[in-house]
Structures are given as C-alpha cells and as structure tokens.
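Okay, structure first, notes after.
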Amino acid sequence: MLLSSKGKHRRPSKAVRIATLAGVTGAAVAVPLMGATGASAASVATWEAVAQCESGGNWSINTGNGYYGGLQFSQSSWAAAGGTQYASRADLASKDQQIAAAEKLLDLQGPGAWACAGAGGLTDDGVDPGVDPGSAQSEAEPKAAQPEREAEQPASRSETRTAPEAEKTVTTPTGDKVKKGDGEYKVKAGDTLSTIAGAKDVKGGWQKVFELNDDIVEDADLIFPGQQLHLK
C-alpha cells in the first residue's frame, strides 16, 4: 500500500493533492511545489520486491478497493505522478509504465510513500531502473484489451447455453431477474395491477389479476415491464 505524508501515500501529500485538484497530471509541475531539487531512483529489482509485498507481484491487480496495479497506486497518486499519460489506471498500464510513474512519485514523496518500502529495501539509491514505458497505445491498451477478448468467448458460449432460460425472465431496473410469464397482457412502464384490471375490465379487480398470476408476481405492488400476465 502506498503511504501519505504521514505514512500512506493513498492519501497524497499536500502538494500532490494541490496538483491533482488543479488538474495537473504530470509530476513535472508537482515537483517544484515540493521544492525537490534532485531525482530519486531505484532498480527494477527493488520495485519488484516492493510490488511483491504490496500486491503479491501482480502488476494487473484491481481488487476494487481503490488501489491499482503492482505498486497499489491510488487514482490521485497515479495522476499526480503522470501515470495517466500511459493508462487511465495503474492496473491497465504495463509494468515498465508503473515503475516509471513510481519513480516520479518516489521523487515527490520519498520511500515513505509505500508501506512496503522497508520490505522491498526501497531507498533513494539513484539507480536508474532503465525501464521503457513506451506509450499508452503501445503498452497499456493491448494489455487491457487482451482479457476482454478472452472473456468474449466464454460469454458467447454461456449465452448459447442460457438463451432458453433468458427467454423466461425479465430484467428489472436493479438488474435482478424475475419470471416473465406467458399471459396475454404485456406489462408496460407505469402499469399497476389496479390500472390493468380497470383498463381491461377484469372482474374481481387487481386481486383477481394477482391471483391469476401468483406464480410470477410475488408482490402485488411490484410488476415489471415485459412481464406477461393472464387476465382470465
């Protein structure tokens, strides 16, 4: 995890926050705010050791906790270190691109920006890691696109297997699935059991419509567009 000025860089230092709020995405502008005069650097092996502690060495990790990539950048730190020139988030960038951004963050905040600095032996040792971050087009985008292509195949197979089941359900606005039914009346937006019973002159009113469709309507107050109700 990355540390703040008090420890975790997940809460960026004051200068980084200022740079981020001002719309600054590159460390070149943020560095003068810090009053830094020299560049910091660490070897690739050192960054790999830090990543091993931070993320288990997974440079593409996104667990949904607000921190991304092998070195667990917060979004504000990634932007302040110039990472957005490579990819929108650290986990979508290549290893070299993440290290290049980390070098700038190291220059901004020092080793204390990472909780795992000690475990990885991270210091301002002046060693140029010699990484080639390339560009977002050559590195980050193909990396992000590959899992999407791989995901398409199983999804299409799944759709083929579940198509008959999908025809029997309706998706609600919250994304849940409810039974569709096979009645003669198709529910439209704004419909209620009461308005349907009145419009179609159902004897017994909404209670009768509910009774006829109790196999698909669980709550008389909740019907959904696309459901097909029996009226007799």
Surface accessible to a 1.4 Å probe, TYR185 within the full protein complex, Å²: 30
Flagged links, alpha-carbon separation over 21 Å, of LYS180/LYS203; LYS168/LYS203; LYS168/LYS208; LYS180/LYS208; LYS177/LYS232: LYS180/LYS203; LYS168/LYS203; LYS168/LYS208; LYS177/LYS232
Inter-probe distance in nm under a simple model that places probes 7 Å from Cα toward Cβ, at SER88 and THR123: 4.1
Convex hull (Cα only) mean projected area of the stretch 46-125, reported in nm² to one decimal: 4.4
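The values are calculated or read from the model by the stated rules, or taken from the named source; none is laboratory data. The shown structure was predicted, so the numbers you read here are calculated from the model rather than taken from an experiment. Neighbour counts run over all protein chains shown; Cβ positions are idealised from the backbone, glycine included. The protein model used for the area step is the full one, side chains on, heavy atoms only, and it has no ligands, DNA or RNA in it. Shrake-Rupley method; radii C 1.70, N 1.55, O 1.52, S 1.80 Å.
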